[in-house]
Structures are given as C-alpha cells and as structure tokens.
1. Is it fair to say B:ALA48 is among the small types (Gly, Ala, Ser), more than 10 Å from chain C (Cβ to nearest Cβ), part of a helix (DSSP H, G or I) and crowded, with 22+ Cβ neighbours inside 10 Å?
2. What residue, among those in segment B:1-16 that are facing chain C (nearest Cβ under 10 Å) and among the aliphatic types (A, V, I, L, M), is surrounded by the fewest Cβ atoms within 10 Å (Cβ to Cβ)?
3. Determine which member of the set D:LEU86, D:LEU77 is in a helix (DSSP H, G or I) and at the interface with another protein chain (Cβ under 8 Å from one of its Cβ atoms).
4. Restricting attention to segment D:140-149, does a residue exist that is under 30 Å from C:ARG34 (Cα atoms), in contact (Cβ under 8 Å) with a residue 60 or more places away in the chain and crowded, with 18+ Cβ neighbours inside 10 Å?
5. Do the conditions hold for A:LEU179, that is, is it outside any helix (DSSP H, G or I), surrounded by 15 or more Cβ atoms within 10 Å (Cβ to Cβ), touching a helix residue (DSSP H, G or I) at 6+ places or on another chain (Cβ under 8 Å) and touching a residue at least 12 places away in the same chain (Cβ under 8 Å)?
6. In this structure, does A:ARG26 turn out to be among the basic types (Lys, Arg) and more than 18 Å from B:PRO92 (Cα to Cα)?
7. Of all residues in segment B:123-151, which are in a helix (DSSP H, G or I), among the basic types (Lys, Arg) and at pLDDT below 90?
8. Is there a residue in segment C:23-38 that is within 16 Å of the chain's Cα centre (by Cα), within 17 Å of C:ALA99 (Cα to Cα) and β-branched (Val, Ile, Thr)?
Protein chains: 4
Amino acid sequence: MATNRLEAFSDGVFAIAITLLVLEIRVPTNAGDRLAHELADQWPAYVAYLVSFLVIGIIWMNHHAVIDHLRAVDRPLVGLNLFLLLWVALIPWPTRLVAEYMREGGVAERVAALVYAGTMTMMGIAFGLLWRYASSDRRLLGSGLSDADIARRTRRFTIGAPIYAIALIVALVSAPASLAIIAVLAVYYALPQGGMMRGPSE
Amino acid sequence: MATNRLEAFSDGVFAIAITLLVLEIRVPTNAGDRLAHELADQWPAYVAYLVSFLVIGIIWMNHHAVIDHLRAVDRPLVGLNLFLLLWVALIPWPTRLVAEYMREGGVAERVAALVYAGTMTMMGIAFGLLWRYASSDRRLLGSGLSDADIARRTRRFTIGAPIYAIALIVALVSAPASLAIIAVLAVYYALPQGGMMRGPSE
Amino acid sequence: MATNRLEAFSDGVFAIAITLLVLEIRVPTNAGDRLAHELADQWPAYVAYLVSFLVIGIIWMNHHAVIDHLRAVDRPLVGLNLFLLLWVALIPWPTRLVAEYMREGGVAERVAALVYAGTMTMMGIAFGLLWRYASSDRRLLGSGLSDADIARRTRRFTIGAPIYAIALIVALVSAPASLAIIAVLAVYYALPQGGMMRGPSE
Amino acid sequence: MATNRLEAFSDGVFAIAITLLVLEIRVPTNAGDRLAHELADQWPAYVAYLVSFLVIGIIWMNHHAVIDHLRAVDRPLVGLNLFLLLWVALIPWPTRLVAEYMREGGVAERVAALVYAGTMTMMGIAFGLLWRYASSDRRLLGSGLSDADIARRTRRFTIGAPIYAIALIVALVSAPASLAIIAVLAVYYALPQGGMMRGPSE
C-alpha cells in the first residue's frame, strides 16, 4: 500500500470524526421562552466539543508528522494505524457522554470523564505504538530525520499516553480536573515546541 | 505539512459539514394524512438548509482562493485553519436550532438567530485572521498575486465578519432580518465581483 | 479553481450522501420476539435505500463523465456544481420520508413519493444545466470529445429531468409507480448504452 | 474513469462507513448513578463496533490489494464496485441491530445476528465477484502479478463469502457463535498470510 493512500484514508476518518462531534450538541426540544436558559445549561457540551475538536486536530497534525516521513508502509503499520483510528473514530461517543453527564455531578460525571480519559489513553497508546514501530531502528523512516529529530519526536509522541493515564486516575476524583488535564495537553501539543513543524530539518 | 494535505483535510471537513446539514431536516412521525401540512409547516428547516449550504459552499470557495496561493504552510496557519474549521463544523448545530425555533416567534426565535449569526461571526473572524496572517507582508503567499490583488482580497475577506456582526445585533430585534442579511452576504460572495476567480491574474 | 479540487470536493459530498443513506433504516426498539416481523414490515426502507444508492451512484458516474472532460473551471460552473450538490446532499431526507410513509398508503404515501420525485427532478435539472453550460459552444470542454460525442451526451444528460418530472406527476396517483420509474431510469443509466464509458473516444 | 478516482470515492465510503459506526453506541439517558452499570450493560455495542470496524478495515485493505493492480477500469467493474459499496455502506445498520438486540437472548438476538451475517455474506459475494471479474483472463489486471499471485489472491478473496454463509447458518442456532466466526475471519485476513502485502511481488 502506498503511503499516500494510507494518509488519505486516515485523513478521511479524522475529518469525519471531527465533523461528527457536532452531532453531540443537542437542540433543546419545546424549550419555548426558556431556550436561552436551556442552551446555557448545556455548557458542558460546548466544552466537550472544543476539547475533542482540539484533540482530534492535534492528533491529525501529529499523524502527518509521522506519515510524511515514512518511506514505506508495511502490514503491521497498517494494522497499528487501524488500531489508532479505532480510538479516534470512537471519540464522538465519550464526547456525547461528557456533554450529557458533566452537568450532573456525582458518580455519573466521574464515570463519563473516566470513559473519556480512557478513550484518550488508548488513543495515546496507539499513537505511541505506531511511532515506535515505524521509528525503531528507522524501520520505515526515510532519511529526512536526524537521530536527534527522532529522539525528540519519540519524547513528544510517547508523553501523551502517560498523561492521559493520569487524567484517567484523576477522573476517579474530579471530572473537571480530568478534562482540564486533557485540554492542557492538547494546548501543549499545539504550541510550537510541542509540535513538529518548526525548522527546515523537520 | 504540505499545502495539498491541508487542503484535502479542510475540503473533507467542508464536504462533511455541508452534507450533514440534511440531518437537521426532520421527517414528521405518524403524520398520516397531515403529512403535506406538517412538511409545509417546517419551512424554516428548508430555508436554514439552503442558507447554511450556501454559506459553507461560499466559504469553501473562498478558502480555495486563499490556499491555492500559499507557497508554504506553517504551524500558526494550521492552527488558524483548525480555528476556522471549528466554526465551519459547528454550523449544522445552529442550523438545527433555527430550523426548530424559527417558526415559534417570540424570544426563542431570536435566540436561535442570535446563535446562528454568532457562529457565522466567529467563522468570519477566523477566516479574516487566516487571510491576514497568510497575506500580511506576503508571509506565506506565492508570487501569483499582485499587491492590488492582495488588497482587493483583503477587502473582500474581511468584510464578512463585521456584516455577520450586524446580523448578530439585528437578531436581537428580528430573526428573519438577521437571516436575510446572512443570505444576502452569501449571494454577494457568490457574484463574480464578490468572488476571486475572474481574471487570469487570479 | 483546479478541476481536480472541484472533483475531490464533489466526490466527497457524493460519498458522504451515499453513506448517510444508511441512517434512514431504523432499528426497531423493544421489538422482542417480533423483531423479524418488524424488520420485514419496514421493507420500504430497504427499497428506498437501494434506489437512492443507485441514483447517487449513477449521478456520481455521470458527474465524472462531465468533469473528466473539462479543460477549465469557471465561477458559474462552480456555482452550478454547488446547485447540483445541494440536491444530491438532500437525497437522504426524501429517502427517509419514503422509508417512513411508503407502507402507509393513502395521501401520506403519495406526498412522500412527490417530495422524492421532486428532489430527483431538481437534481436532474441541475445536472442538465451543468452539462449544458460546460458543453455549449464547447465553453469549458477540452478536445477529447467529438461533436457527435457531445450531442450523444447532451441527449443522455438532459433526458433525466423530464423523466423525473413524469415520476413527479405519477406520484400524484401512485407512489410505487413513481419510484419504479426512478429506479428504471437509474438502471437505464447503468447500462452500457446509457453510460459514458464505452469506447476509446469516450 | 481513472483508477485513482474509483479508489478515492471508494476510500471515502469506507472511511465514512467506519466512522459512522460510532453512532450506534448509545449514550444512556437519565442514567444518574446507574451510568456505569448501564454502560456495562450495553457491552454488545462495543463488541459490534469492534467487529464491524475490523471487518470494514480489512475489506478496505483487500480492496486496495485489488485496485492497486488494475491497469484499467471499465463500466462493469464500476458497477460491481458500487454493488460492493452498497453492502459496505449498509454495515452500520446491522451493527446497530446487533448492539441493540444481542443482550436480549431469544429469537431477537438470532434475528439480529442473521441480518448481520447476511450483510457480510452479500459483501463477501460482491468482493469475490469484483475480484473474479477483474482477474479472470487478467481482464483488467496489470502485469505486476504472477499467475501464482493471482491464484493465491483468488483463494483468499473468495473464501470470505462461504465462511460468512456458514456464520449465517450458525446464526439460526447461536448469535454469539455467528459473530465469533465473523471476527475470526477478520483476524485471519489481518494476519500476514491472510493478507496481500508481504513480498516484493505483491
């Protein structure tokens, strides 16, 4: 399989998953004059939309920073990529969960955050595996990256999973804190030093 | 990241958002012999579908008029592009809101129009920022555009946000008037002089 | 705008619309042991899925038979193409209508078929306009087609709208007959002589 | 029609169908403190998501293993490809059926599994036909494959339908056993010897 086919299919899944997020934001029924009030009440839906949009957008960018440097694609890589997409495509579901139960407080709120952080953790693990497989001994990498580039990417691309795992544990205690960790991680990746598009060698 | 990857991903989001609009048009349940009547009753849904389709279609065209002239893509541009897509992907939601509450009159109708115009305003701001960032000092532009071309585009691409903002204020008074402004702006962009595909230099 | 960008965006809308059709097929709730019975009862949903899938698939093929021969794209063509996509993207909605009301008989059934045939008629008109605009005086066509090729395509591409219009009128009397006409037209287009991919000159 | 257009459209449908699967996983309403319990209760939805994701992912890979070796595309192939996509695009629906009725036991569970296995059987038949048509007498194949390569692919690509048919029959007796067969087949295709991306000649 050609690299660009893998990229096009993955981009399709990223684009669809990020656009399906909007379906989780509800339109109140028969709200009448209370519409403004009910829209304000469902603020967790907007937060969830924003955080999930950011997370998928960042993963899409990081995914390119991997795929663009591949010189070849083999079967295990395609499999690992599907494993990653399995979790990316799932994101709209925990996003709806958080949108629905975040305002509730109590156990439900923490369960929703737990599922959300759990999905992110699995996605982080999948992304780390994908990068590790492609980069170890430069198995599938072209010559565009120096050893230092690879080492730096390895640090960046494998830091996600443990931080998501922390968010998972925090979710047992506080749902908002758990989501905040995930949002902060997304912002970190969005910042220049967190990303992979800085210098000519990158 | 290559320009064409950014373009393909963005096109995917535009195409999905524009096609998801159809999900906001309801199929009446158990209408029986009143089906024609109930379908006629939900005319705001058709208007909302049409206006949102037009808006996304126009933004897609304008987006190409920007991306096609980029000689390079940097990280802030990718970020600004995601910020634009965040609002584009959101459009099906305020469209559903308008479809649902436009026929109601009263406060709900104006709240729906307010959210609709607000989403458009944010999208207009995001588009203006994207163009400003790419074009100021020709930061990311190739040599295909003259200074006059750039100045004309700047006028066209930054006029959207303030007009959407006017629609936002008008929504406080009249929902139909607010939507009409947004529809007229879309038609303006659709006209040759409003668009960007006229002469050989463009 | 480059031809291939127009094609990619349109293909995206076609692919999404054709895949969204599945959302119109309902999963009965709490059917229990009556599940098989309830699934059989909603046979119009399967017919509607099949016919709409066929129609969109055929239009997608015919669309390529147009776009592949363009040597240039101008603004009116982009506008006409958006007008076509407006109706293509709408198809999942009348499909749901037919799926829901076909089993009812009476007025509702005919109203659903009317809306379905009406959507197809508008799509047929849009497609005819697109082809006419591109081909008259070879405005946007390359040199790959002979005059005879163009004349034959004009016959094929403009026969859709009047036949859909007949289905529209027939819907006033009989919903199944109306759908049958649309299905037969799709099969006609699918046959070699109805299509555009036969000889080397095509 | 160019091979790459057929591929891009098909990839779009695969990517959308695989991403729409997530819509079948429900968010419990008003679960309150019982949220964790209700989420656990709907485990068949997760199994169905996983199996369907795997099946579509594998079919996508196998589809590439066919399309990548075509030297030309003719009208019957486009038709057979649409026939395949008809079943691929349908998969989210039997997936929802299984998700909804698997936990029920009794007749409903077996009916759901029957519809699921039936859809897979039809997809397997469509895929086999597609390959047979393209490969018999090397009708549309390029020279990249040896006769032995073709024979091996024929074995692999036509083994799906009969096994899915067995799953169909098994569904009459046991829904879980039926799904297990489908899952095992997907894993078989995922393994190197089941797949088509191994040596240089492939």
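1. Yes, satisfied.
2. B:ALA8
3. Going through D:LEU86, D:LEU77 in turn, the sole match is D:LEU86.
4. No, segment D:140-149 contains no residue that is under 30 Å from C:ARG34 (Cα atoms), in contact (Cβ under 8 Å) with a residue 60 or more places away in the chain and crowded, with 18+ Cβ neighbours inside 10 Å.
5. no
6. Against the criterion (among the basic types (Lys, Arg) and more than 18 Å from B:PRO92 (Cα to Cα)), A:ARG26 does not qualify.
7. Answer for segment B:123-151, where residues must be in a helix (DSSP H, G or I), among the basic types (Lys, Arg) and at pLDDT below 90: just B:ARG138.
8. As a first pass, look at segment C:23-38 and keep what is within 16 Å of the chain's Cα centre (by Cα): none.
No, segment C:23-38 contains no residue that is within 16 Å of the chain's Cα centre (by Cα), within 17 Å of C:ALA99 (Cα to Cα) and β-branched (Val, Ile, Thr).
The values are calculated or read from the model by the stated rules, or taken from the named source; none is laboratory data. A quick note: this is a predicted structure, and the numbers were derived from the prediction, not measured. Counting neighbours? That spans all protein chains shown, and the Cβs are built from the backbone with ideal geometry, glycine included.
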